[in-house]
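**Student:** Right, I'll just put the structure down here and ask away after.
The values are calculated or read from the model by the stated rules, or taken from the named source; none is laboratory data. Model, not experiment: these values are computed from the prediction. Neighbour counts are summed over all protein chains in view; Cβ atoms, including those assigned to glycine, are modelled from backbone coordinates with ideal geometry.
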Amino acid sequence: MEKNMAIAFMGAKLTTRSEKYENDNSHTNLAITQCSGETQANLASLGSSFSLNSTTFEVCVLNWFTNLWEIKKNEYWGYVTTGGTEGNLHGILVGREQLPDGILYTSQDSHYSIFKIARMYRMKCMKVSTLTSGEIDCVNLKDLVLTHKDKPAIINLNIGTTMKGAIDDLDLVIQTLEECGFTRDRFYIHCDGALFGMMLPFVKQAPRITFKKPIGSVTVSGHKFLGCPIPCGIAITRLEYINALSKNVEIIASRDATITGLQNEVQKCIMKARYLQNRLRDAQISTMLNKFSDIVIFERPLDDDFIRRWNLACNGNIAHVVVMQHITIEMLDSFGGEFRKKRSFWFEDGQLQPLCIANDIGSRNCVCSMHRSLS
């Protein structure tokens, strides 16, 4: 009885929380009853040839992603990971094995796991500054790379940073490395596409992440935009790199797999993010939304209870909302309306003023008293 009550309580709590924001980028609007039979079996891929094995499923998934990232099926190696961090662990490891004395370069807005990985692998790591958008600053990258020109460069590229949803410019990074005199055998680029790596291919005019460019690996999370019920990820790299590490790499042929409707899903998320940004701007709240992003950044609320109730992720003077599929217009209206009322109360006596967050989101996005008077 006690166990059943605990389960019921947790279920009710999760349902209530899902009606607010989920700032871990996860898609929670799911119906997985079609897979209920499969969830009763252990599909762990252990390399066995017995029938109860997920190898075939895994390769179907990988083949679909190779089409997305434009690499031939006989030129890639990959696997389904436990999540984005494991994908980063694998991608950066491959880079280090290709360039053992290489230096890891990553922006200061990178996911914390990148810096942890550098410590785990005992790699020298250079933290590159970012633009206001959160995108890697290629001017600073160039200075750092030239300072250490005698060492190969291993680049971690962010396809959507955690806080601001910034997309590092792959073409500009490649151009910067080439201008510094780095030939393609002296640099390795890993693309951390945890959330946006699954979204950008379905956005018109968005930058392409493709193995037709000189990248070494890509990773993406399966439990974020795709909403897999169990945390997982996809890691893809070039087969030639794996062949250099191991003499016995087995390639399992498989049929194509398709997933439909993703372009529509991505567009809905981006349009709802723009809707929220406009709602906040209309309420004179400082806000920013990067191009091709569904992460809306705004001034940090002053009420910790409000932050907890809406599950807001905060960093310094800013907070953000990740507008995933399960977020409705009604939820955005409710959030925006409550935020506006709270601000009216916080600032009604004039003793407190909205924070200036121009350093975080740029002066054109900041509507503090100083920047509002300049606009």
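**Student:** For the range 294-375, list the helices (runs of 4 or more DSSP H) that sit wholly inside it and hold at least 3 residues that are under 25 Å from the mean Cα position of the chain (by Cα); which are they?
**Tutor:** Fully inside the range 294-375 and qualifying: 304-309, 329-346, 358-361.
**Student:** When you look at L93, is it within 18 Å of the chain's Cα centre (by Cα), outside any loop (DSSP other than H, G, I, E, B) and not acidic (D, E), yes or no?
**Tutor:** The answer is no for L93.
**Student:** If I filter the range 158-175 for residues that are of a type outside the set (F, W, Y) and touching a Lys or Arg at 6+ places or on another chain (Cβ under 6 Å), do I get at least one hit? Please lay out each step first, then the result.
**Tutor:** Step one: list which residues in the range 158-175 are of a type outside the set (F, W, Y), which gives 158-175.
Checking which are touching a Lys or Arg at 6+ places or on another chain (Cβ under 6 Å) leaves us with none.
Scanning the range 158-175, I find no residue that is of a type outside the set (F, W, Y) and touching a Lys or Arg at 6+ places or on another chain (Cβ under 6 Å), so the answer is no.
Yes or no, residue by residue, for (1) closer than 20 Å to G181 by Cα; (2) assigned to a loop (DSSP other than H, G, I, E, B); (3) touching a Pro at 6+ places or on another chain (Cβ under 9 Å); (4) not assigned by TED's automatic domain parsing to the domain that holds I189:
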residue: T106; (1), (2), (3), (4): yes, no, no, no
residue: S113; (1), (2), (3), (4): no, no, no, no
residue: M123; (1), (2), (3), (4): no, yes, no, no
residue: M126; (1), (2), (3), (4): yes, no, no, no
residue: T132; (1), (2), (3), (4): no, yes, no, no
residue: K142; (1), (2), (3), (4): yes, no, no, no
residue: L146; (1), (2), (3), (4): yes, no, no, no
residue: D150; (1), (2), (3), (4): yes, yes, no, no
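**Student:** Report whether or not N290 is touching a residue at least 24 places away in the same chain (Cβ under 8 Å) and out of contact with any helix residue (DSSP H, G or I) (no Cβ under 9 Å at 6 or more places or on another chain).
**Tutor:** yes
**Student:** May I pose another question? Going residue by residue through the range 269-284, is there one that turns out to be in contact with a strand residue (DSSP E or B) (Cβ under 8 Å, 6 or more places away or on another chain), touching a residue at least 12 places away in the same chain (Cβ under 8 Å) and among the β-branched types (V, I, T)?
**Tutor:** The first filter runs over the range 269-284 and keeps only residues in contact with a strand residue (DSSP E or B) (Cβ under 8 Å, 6 or more places away or on another chain), leaving 273-274, 276-277, 280-281.
Applying the additional criterion that residues be touching a residue at least 12 places away in the same chain (Cβ under 8 Å) yields 273-274, 276-277, 280-281.
Checking the rest, the ones that are also among the β-branched types (V, I, T) come to none.
Within the range 269-284, not a single residue is in contact with a strand residue (DSSP E or B) (Cβ under 8 Å, 6 or more places away or on another chain), touching a residue at least 12 places away in the same chain (Cβ under 8 Å) and among the β-branched types (V, I, T).
**Student:** List the number of the failed condition for L144; all other conditions in (1) touching a strand residue (DSSP E or B) at 6+ places or on another chain (Cβ under 9 Å); (2) crowded, with 20+ Cβ neighbours inside 10 Å hold.
**Tutor:** (2)
**Student:** What tally of residues in the range 164-219 results from selecting those that are assigned to a helix (DSSP H, G or I), over 19 Å from the mean Cα position of the chain (by Cα) and of a type outside the set (D, E)?
**Tutor:** Final tally of qualifying residues: 7.
**Student:** Another one. Determine which member of the set T106, T130 is crowded, with 20+ Cβ neighbours inside 10 Å, touching a helix residue (DSSP H, G or I) at 6+ places or on another chain (Cβ under 6 Å) and at negative phi.
**Tutor:** Going through T106, T130 in turn, the sole match is T106.
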